[in-house]
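A short worksheet on the structure shown next.
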């Protein structure tokens, strides 16, 4: 894969190299400092979390994590989150892949803009009407309703992420497939899909992360047994119960699955975003 | 300069999309039906809530009171309400500041990541961590870390002799601080888009530029940046939809304050609906906000057409 | 069979049947009456809620009713509650809410089930329940339009916390009157420039809670003299308001307008301030910081010297049954258990002040409070505010949350130096009047 060379015909001067390295270190530090603080805080007692001067290495305690697993039904909630996030991601991809293909081929814009409608209104607009509608359908508290509602987020995100990739597939390839007599869905599956796999990886990650971290729909529509982690877990700061340690433990645990997923596909992610973005 | 930029369009068929030419394949291949599942699904999900919201916004409806039809009364009232106008202003200021910061810093970050030779995969993974965190967490951390009295950031800058800053408590510059925190979270997202864009630009363009004597900063501005246009536009659209509906950070970290200096339209609507139980008014605010976002997206969509095709 | 015997047998059978099918009135109260039911409870994050969740297994063992308790932070709880009750959903059976803030509106919307018939129903209420055990003020706050909409679950209010060691070191007398507080602040600051003096709530909607008593003790009110108009623009109200704002402005920490109880507790706990006016709920949190149990003292906010008034803020959350619940009677079992003397006694040790006078005066409270002097002070202060306190610190309107925003903003404007106290207060009155 081609890369923009820093300077192909000129050697990079030592000072430029150093500047480059410094920038990387600076960037990594800025990114990591708050996250490191969060992780460290999760192993401290609440009263030690914000003491100044900060005591970086107090004797670590597992009390916060213990409280998280005992006080909340954390594992069960995480499982629910996983079901909903994977379900919504799957739904998003299944609907968005053919749509991106069609929209890209026909050079349309209105369908893409229309699917984005769901991301234009504030989430709170949907709460009451959806609750009324889905309780009439007796779906409130089910995985189905959670997957469907989060699908309204994943479909536009997946679609817009995939569009540049489909735009980058040579039209000649598709035409030759048609001349060969392939039906449209075969063209999609056999010819085009292998070329856009990186884009699918990207879209999958984004759909997963956006659903995993989304709070509002599950707040109203999840039942006792289907409560997602993000709704159940951030209840450690309130009047009379300010528990920073437990909050940071919850935050650390909630951040794990998306990070693990990202790590697993990050190779494809980087190259994936690469291929797609420039064409868009 | 123009010739260099135009060259890739012809030179890399596998890259930038080409003009359609009439031919047997193009004419008879109709794929429009493939998009209907996605469009119908989204349409079906949102039609009832949108219709409901519009309908309620035509009433003076509050909790415990009889709803009264007022037509466009709520909308006209919003236009006159100084709180809403303030929220409108706050939203746009925050949007402009945050988008600019995220695009600029994200591009810088992407360029830096592109130059990394050692452990690129690891570095890139670390770089995307911020936007994997839930917004609620980032809000709480911002509130705690940036607190002017008990926050660690002021303590750190005190070590190097700087006076404590108000950050999120500053009546005038609170939006800058909010934009800064949001940039911490989302510039990495832009950076990765940019990184990807950089990685698939053809080398030939840059060799041609070298030959023409265009190197370094000038090369970046006149060659790289234009080629990154589509990438940055995609990033801008995706961030715009979320930035205009800014909520979590201002709700948790500043509660819309000091005063109402950081109350965005989305937070205004939330307060009206969920704290004051003024449903008709809140719906009108939400519909107005949706229209604002729609207009912005349409503008970007037009821009995209111009830049890409 | 002999016709007489047949008649007698028939008579016996009939009367037996009549006796067996006698109405519930004649049966005694049975905790296990709803064995096997499941209840959905939606609570907000509060020491009481956390403690009740821990005690829930006891309830289930006693009654056989399964509890599904959802605990959410205040804002998400209100959002979920609002969404579900607006949709008239039966998914919630019991919830807690703050009568002084949303009680009027929720009652008008018909969300609360009337508890009066339950209380008076002997078959459904434990014989030792005793409604009069709850303070009269608390009961009145929970009554709307003649309906008892909630049972109080706690008593809370802001108290004056101060560091006796800092005061002693600087040889400053502990404020005996309201007006002494700014004077003491000045002396403390002069004595030790490095020691923070004061902190209190500065976030817009949190300010009224901490400020109200400053207004009341100065002789002011949030209502006009005839109780029909907003009263911020009155001279004595302005005095109280400006005293609170000036304390924050002159002696408060940097960035005070963004601070609420988490930051105030942190500052007090770490020893970075000398005094504050903060919630009684925070007592157990503050005591967790090393040293505070020994050097902190607590009392009710001192009364005004000129006015002679001591009118603290005191209120309690209330536990209610949803009007749309399909299991109201089983829900009533939970509500009366959670507010029973027995349970409240257990909650004392967790820092929850009981609304029942009997528990407050009872041995459990005495034992717990007797263990440390500061606990006794806390208990005494709470007993006083239960008696003399009020939960009403808004202008005359049902739209209470909005009054909090408007009043809080006026104070913020003074703290930030954007307006004088008089300008801010009188401008706020105009906005408050629009709510009526």
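The values are calculated or read from the model by the stated rules, or taken from the named source; none is laboratory data. Just so it is clear, the structure is predicted and the values come from calculations on it, not from any experiment. Note that we place each Cβ from the backbone using ideal geometry, even for glycine, and neighbour counts take in every protein chain shown.
Some notes on this structure:
- Of the residues examined, residue B:84 is not one that is surrounded by 12 or more Cβ atoms within 10 Å (Cβ to Cβ), modelled with pLDDT of 95 or more and at the interface with chain A (Cβ under 7 Å from one of its Cβ atoms).
- Taking each residue of the range B:199-213 that is within 7 Å of chain A (Cβ to nearest Cβ) and looking for partners that are at pLDDT below 70 and not in a loop (DSSP other than H, G, I, E, B) with beta-carbon atoms closer than 6 Å, six or more apart or interchain, yields B:199/A:274; B:200/A:274; B:200/A:275; B:200/A:278; B:202/B:8.
- Annotation note: of C:146, C:82, the sole residue that is outside the structural domain of residue C:211 (by TED's automatic domain parsing), free of Cβ contacts under 8 Å to residues at least 40 places away in the same chain and crowded, with 21+ Cβ neighbours inside 10 Å is C:82.
- Residue count for the range A:168-184, restricted to those that are surrounded by fewer than 23 Cβ atoms within 10 Å (Cβ to Cβ), in contact with a helix residue (DSSP H, G or I) (Cβ under 8 Å, 6 or more places away or on another chain) and outside any loop (DSSP other than H, G, I, E, B): 8
- Conditions (1) on the phi > 0 side of the Ramachandran plot; (2) touching a residue at least 24 places away in the same chain (Cβ under 8 Å); number of the one not met by residue B:167: (2)
- Exclusive hit being crowded, with 24+ Cβ neighbours inside 10 Å, farther than 24 Å from residue B:78 by Cβ and within 11 Å of chain A (Cβ to nearest Cβ), set B:235, B:253: B:235
- Checked against the criterion of being assigned to a helix (DSSP H, G or I) and farther than 22 Å from residue C:130 by Cβ, the range C:348-362 has no qualifying residue.
- Residue check for residue C:271: at pLDDT below 95 and part of a loop (DSSP other than H, G, I, E, B): yes
- Those residues of the range C:85-115 which are crowded, with 20+ Cβ neighbours inside 10 Å, part of a loop (DSSP other than H, G, I, E, B) and facing another protein chain (nearest Cβ under 10 Å), in sequence order: C:87, C:91, C:111
- In the range A:46-59, residue farthest from the chain's Cα centre (by Cα) [restricted to those that are more than 7 Å from every other protein chain (Cβ to nearest Cβ) and crowded, with 17+ Cβ neighbours inside 10 Å]: A:48
- Single residue of the range A:91-123 satisfying the filter (more than 7 Å from chain B (Cβ to nearest Cβ) and in contact (Cβ under 8 Å) with a residue 24 or more places away in the chain) that is surrounded by the fewest Cβ atoms within 10 Å (Cβ to Cβ): A:93
- Some residue of the range C:382-395 being surrounded by fewer than 19 Cβ atoms within 10 Å (Cβ to Cβ) and more than 16 Å from the chain's Cα centre (by Cα): no
- Checking residue A:143 against (1) under 22 Å from the mean Cα position of the chain (by Cα); (2) facing chain B (nearest Cβ under 10 Å), the condition it does not meet: (2)
- Any hit, the range C:317-333, residues being closer than 18 Å to residue C:388 by Cβ and assigned to a loop (DSSP other than H, G, I, E, B): no
- The one condition from (1) within 12 Å of the chain's Cα centre (by Cα); (2) free of Cβ contacts under 8 Å to residues at least 12 places away in the same chain that residue A:240 does not meet is (1).
- Checking residue A:214 against (1) at pLDDT 85 or above; (2) assigned to a loop (DSSP other than H, G, I, E, B); (3) more than 30 Å from residue B:232 (Cβ to Cβ), the condition it does not meet: (3)
- Boolean, residue A:126 is part of a helix (DSSP H, G or I), buried (at least 18 other Cβ atoms within 10 Å of the Cβ) and more than 7 Å from chain B (Cβ to nearest Cβ): no
- Candidate set: the range A:245-262, residues that are within 7 Å of chain B (Cβ to nearest Cβ) and at pLDDT 75 or above; chosen: the one nearest to residue A:86 (Cα to Cα): A:258
- Within the set B:107, B:125, B:91, the sole residue that is within 23 Å of residue B:229 (Cα to Cα) and either touching a strand residue (DSSP E or B) at 6+ places or on another chain (Cβ under 8 Å) or more than 14 Å from chain C (Cβ to nearest Cβ) (or both) turns out to be B:107.
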